[in-house]
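The values are calculated or read from the model by the stated rules, or taken from the named source; none is laboratory data. These figures come from a predicted structure and were not determined experimentally. Heads up, the Cβs are rebuilt from the backbone with ideal geometry, glycines too, and the neighbour counts pull from every protein chain shown. For accessibility, only protein heavy atoms count, side chains too; no ligands or nucleic acids. Shrake-Rupley method; radii C 1.70, N 1.55, O 1.52, S 1.80 Å.
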Amino acid sequence: MIKRNQPVLLERVNKMRQATNVGEYQEYQGFSGLLKAIEMDKEAILDELDLAHLRGRGGAAFPLGKKWRHLYGAKGDTKYIVCNADEGEPGTFKDKVLLKHDPLSVIEGMVIAGYLFSAKAGYIYMRGEYLGIQKIFQEALDNAEKAGFLGENILGIPGFNYNITIISGAGAYVCGENSALLNSIEGKTGRPRVKPPHLADVGLYLQPTLVNNVESFAGIPVILREGGQAYRDLGTEDGGGTKLICLSGHIKNRGLYEVNLGTSLQDILYSEEYGGGTSTGRPLKFIHFGGQSGPIGAVQNLEDCIYSYEGLWDKDLSIGSGAIVVMDDQVSIVDYLVQVAAFFAHESCGKCTPCRLGTTRILELLTKFNNQTAVVGDLERLEKMLMHVTNLSACGLGQSVANPMKSGLAYFPEEFEAGIREAVTPVKGGLW
Amino acid sequence: MSSLSLSEKEAIILANDSDPQRILNMLIAIQYGSEEGYIDEATAQLVGDHLHLSQARVYEILSFYAILKTEPQAKYVLKICNSTPCLFTGGTMLAEVLETILEVPADEPTPDGLFMYHSIPCIGACDKGPVIKIKDTVFADLTEAKVYQLIDDLQRGCYQEL
Ligand code: SF4
Ligand code: FES
C-alpha cells in the first residue's frame, strides 16, 4: 500500500547503500512491477496505465497511457524504446538523482516497455554533462543483465530478448526534443525532424518508437506494482502520481523534493519541509515554472495556487519539467528575461529561420529595454516578434520561447515601459 | 596527464563496438583523455575510418555539439553556468573574479596555457549555484574566496584527475 505524502520515486534513493545492487533493489520491492507485468495480459497493462493517468514528466504532460497505446497499435515488427535522459533544462536536476541513486527503477520501467512492445532494443540518451552517472548506469545495466532482467530469455521467457544501450549526448539543449534526440542516437547531428509523422509510427531508424522521460519510466513499476488506481490517488483528477520538483533561486532550502500533485504552492515555497521561504531576506517576486521555456507567475497572484496540472493551468502556468525557479524582488523581470532570451539564442539549432533569427532579435529587443534604450513602438515590435517565432518555428524550442516573455510582459508591464526612452517621438503613420 | 596514444584511442573506439550510434561516447572519451582537450584532424580521421563515416560527417558532429572541440584548449577549462538560476544567485561574480585573477577575458587561454574560462548553460547543479565545472567535476556553492582557493589549488596541482 502506498499512502499520500510518502516518497514513491525517492523512496529507495534515501535508503539504498549501493544504487546498482539488484539484490538490494529487490529488498525495496524492485522488479516486482515487472514480475506483475509478465503475469498480465498486455491489454490489461495498458488499462492500468490509463487508469493511473500518469502524464509524461519530461515537460509536455501528454497522458502516458495514450502514448503507449498509440505505439501498441503502431504497425511494425521492430519497435524501439528510448529513454530521454538529456535533462538540460535550466533549473532541473531531478532525472540526475534517479539515474544516479535509483538507476534500476528506470531500467525496470524500460524493461516493462520492452516486454509490452516486444522490443529488442532500448536506448537511454543521457546528457554529456552526466559522464560519471553514465558509468553508474552502465554498472546497473550490467548487474541487471547478470541477474537475468536484461539480455536473452529474460525471466526465463523464451524470446523475451531485450537490451539497453547508453548513448551520450554532447551538449545540445535541442536534443531534449524527442525527434532531435533520435537523430542524435543515429549518429547524426541532433536537429529536430519535421512532424508529422508521429515518432510512434516513424521513429528511430524509421521504426515505431516510444520516447519517454526518466521520471516517467521510473513511475511505471510503481503503477504496475500498486495498481493504476492507487497511483492515480496520489495525485489529482488531471494527473496521477507524485512529481519530482526542483527548487532553486532565492529560496532557502534549494534542492529536489517529491510532492503529491495537489500540494499547495505556498507549502512548497514557505514550509520548512520544502522551500523554507526566501534565502535573501527579501520578499519573493516571481517564479519561473518548468524550465526556460515555461511560463512565469507573480508570487502575489499565487496565494491560492495548487501545484497540480489543472491548478497551474488555471493560472496560465504549467508544471513542465518540475523546475521551480524563485526570484526575489531585487531581480528585474526584464533583466531576467534577457538571460532567458540569451539562452534560446544560444541553443537554437539554426535549422529554421524564424527561430534562428527570431531568438536573436528577441534578445536584442529585450536588451534595449534592459538598457533603457528602447523606443516607442518597441513593445509592439517585441510582441509581434514573439508571435511570429511561436507560430512559424518548426519545433518545440522555437514554439515555446515566447512563454516566459509573454507572462513577464503580462505581470510586470511597468518594468518594460520603464525601459522606453521618453524623448523619442513616435513616427506618424507607422512603419508597417 | 599526457595525450592518448593511437592504440588507446583505438581501444576506446572498440570498447564502443565501433558503433556509429555511440560516436559521441567515443569522441567525448577521447577528448577528455587528451591533455589538449580537443579532437585533432588525425583523430577525427581515425574515428571516421573505424565507423565508415566521411571526415565531413565527423566534423559536422564535432561542430554541432558544444562539448566537443576542434581547437586546443587550456589545461583547465573553467566552465561557468550562466543559466538564470545560477546567474541570479551569485553567478555574475564568477566571471568577474576569474578575469581579475587570470587577467584574460573569457575564451582566451592564460599565457602559460593553464587556464581558460567561459560560460555554458545549465549543468544540472542548479541547487548549488554558483558553480564552475572542470571536465566532469563540479565545484559548487562558490564564493569569491573559494574561487581564489580553487585557482590556487589547481596551480599547485591538487587535482591530479583533472
Ligand atoms: S524551432 Fe529552432 S531549435 Fe527547433 S528546429 Fe527550428 S531552429 Fe531548430
Ligand atoms: S542553472 Fe546552473 S547548473 Fe542549472
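Some notes on this structure:
- Cα long-axis angle, helix A:378-392 against chain A (0 to 90 degrees, to the nearest 10): 30 degrees
- Net charge contributed by nearby residues that have their C-beta within less than 9 Å of A:P192 (K/R +1, D/E -1): +3
- Per residue, the average separation of C-alpha pairs within less than 8 Å and at least 6 apart gives the range B:30-162 a relative contact order of 22 percent.
- Between the alpha-carbon centres of the range B:42-111 and the range A:325-353 there is a gap of 21 Å.
- Normalising the average separation of contacting C-alpha pairs (under 8 angstrom, six or more residues apart) by the number of residues puts the relative contact order of the range A:208-281 at 21 percent.
- Counting DSSP beta bridges with both ends in chain B, the antiparallel % (nearest 5): 45 percent
- Pairing chain B with chain A buries about 3200 Å² of accessible area. This figure sums both sides and uses a 1.4 Å probe.
- Relative to the longest principal axis of the Cα atoms of chain A, helix A:353-370 runs at roughly 50 degrees.
- Antiparallel bridges, percent of DSSP beta bridges restricted to the range A:67-224 (to nearest 5): 5 percent
- Shape category assigned to the range A:93-247 from the gyration tensor of Cα positions, a/c cut at 1.5: rounded
- Within chain A: Cβ-based charge dipole about Cα centre, in debye rounded to nearest 20 (Lys, Arg +1; Asp, Glu -1): 1040 debye
- With every protein chain in place, chain A: carbon and sulfur % of accessible area (1.4 Å): 51 percent
- Net charge contributed by nearby residues that have their C-beta within less than 12 Å of B:V47 (K/R +1, D/E -1): -2
- Structural descriptor for chain A: relative contact order 16 percent, calculated from alpha carbon pairs under 8 angstrom and at least 6 residues apart.
- Surrounding net charge for A:R361, when Lys and Arg each add one and Asp and Glu each subtract one, Cβ distance under 12 Å: +2
- Cα-based shape type of the range A:168-273, given that a ≥ b ≥ c are square roots of the gyration tensor eigenvalues and the cut on a/c is 1.5: oblate
- Choice from B:A74, B:A42, B:A95 with maximal GNM fluctuation in chain B (Cα, 10 Å cutoff): B:A42
- Rounded to two decimals, the Cα-based Rg/Rh of chain A, with Kirkwood Rh, is 1.00.
- Pairs from A:K135/B:K128; A:K36/A:K315; A:K79/B:K128 whose Cα-Cα separation, in the structure shown, is over 30 Å: A:K36/A:K315; A:K79/B:K128
- Summary of the geometry: the range B:130-144 and the range A:367-405, compared by the centres of their Cα atoms, lie 33 Å apart.
- Over 19 Å [Cα-Cα, chain B], rounded percent: 57 percent
- For the protein assembly as shown, share of DSSP beta bridges that run antiparallel, in % to the nearest 5: 45 percent
- For chain A, the longest principal axis of the alpha carbon atoms and the long axis of helix A:42-52 meet at an angle near 40°.
- Taking each DSSP H run with n ≥ 4 as -39500 (n - 2.57) and averaging over every residue of chain B yields -12000 deg cm²/dmol at 222 nm.
- Centroid-to-centroid, using Cα positions, the range A:259-277 and the range A:189-239 are 27 Å apart.
- Mean-square fluctuations from a GNM of chain A, with a 10 angstrom spring cutoff on Cα atoms, peak among A:N153, A:N21, A:N163 at A:N153.
- Residue by residue along B:121-134, Cβ atoms of other protein chains within 10 Å of the local Cβ number 6 on average.
- Three-way shape call for the range A:290-432 based on the alpha-carbon gyration tensor, with the a/c threshold at 1.5: oblate
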